[in-house]
Amino acid sequence: MKWALLLVAMLRIFDGFAQGTQTPANGTIEGIIFDHDTKDRVARTIIFNINSRKFWYNNLKGEFKVDANPGDKLVFSKQDYLPDTVLIKDASNIAVYLQRTAIMLHEVTVNDSLNTPAQRLAATKKEYNKAYGSSAYSDPFSTVPGGGAGISIDALYNSLSKSGRDAEHLRGLIQHDYEQNVIDYRFNKSYVGNITKLKGTELANFMIRYRPSYYLVTTDSEYEFITYIRTSARRYQRNKRVVSQPPLRPPQS
């Protein structure tokens, strides 16, 4: 009887010791998700912890904060991207780069080595560097060493002066031009012609009439974008026989 009681007591002691040593500490991992090629931040990505069976979404800035410990495996998944698995080694912040499943088709322009809108925008900013100087980006409310907010005199003057307003207007024009280049980059004649089978004048008229918005071009998946073009092409075929009114002519005297 004494041996039985002693054995039970010893088992309880070892069981409590084992539970205390096997319980992992709850930790958090922070990081940012990027596009592997463009280095732009990727939002609304599913993050799955294989060990804990929990999942999260990152925010619109591409940032995330999840529960994970060293040794856990995190799987990052998003539509139009290849999934990526990351092994957590320590509590350091991590950067995740996702590779697209397909490359965006675009038209090659002869005698133009800057084929992408991002490259053209970078070249334009360099050419008009005064509009993108430190004063152009300054915030009227600056952070002071004590932790409070102060007023930046240079930024305030820049926003009120004529040169500051001109720089802001120029940046707006450059941004608009960049957005149009992004549309042209994806919605080009070769790409649209292969989908619609239109050619020549009909293709040009179709692309003018059904030119997509910048938002649609940058948010639609490849499948959604092709569906938009095909649906628009069917609508164009139904309506192309509509005869427009001839221009008015002044009366002859």
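Among the residues of region 40-84, those that are β-branched (Val, Ile, Thr) and either out of contact with any Gly (no Cβ under 9 Å at 6 or more places or on another chain) or in a strand (DSSP E or B) (or both) comprise Ile46, Ile47, Ile50, Val66, Val75. Thr196 falls short of the stated requirement of being assigned by TED's automatic domain parsing to the domain that holds Ala123, farther than 26 Å from Lys78 by Cα and at pLDDT below 90. When restricted to residues that are assigned to a strand (DSSP E or B) and under 17 Å from the mean Cα position of the chain (by Cα), region 85-100 contains 5.
The values are calculated or read from the model by the stated rules, or taken from the named source; none is laboratory data. No experiment lies behind these values; they were computed from the predicted model shown. Positions of Cβ are backbone-derived with ideal geometry, glycine not excepted, and every protein chain shown enters the neighbour counts.
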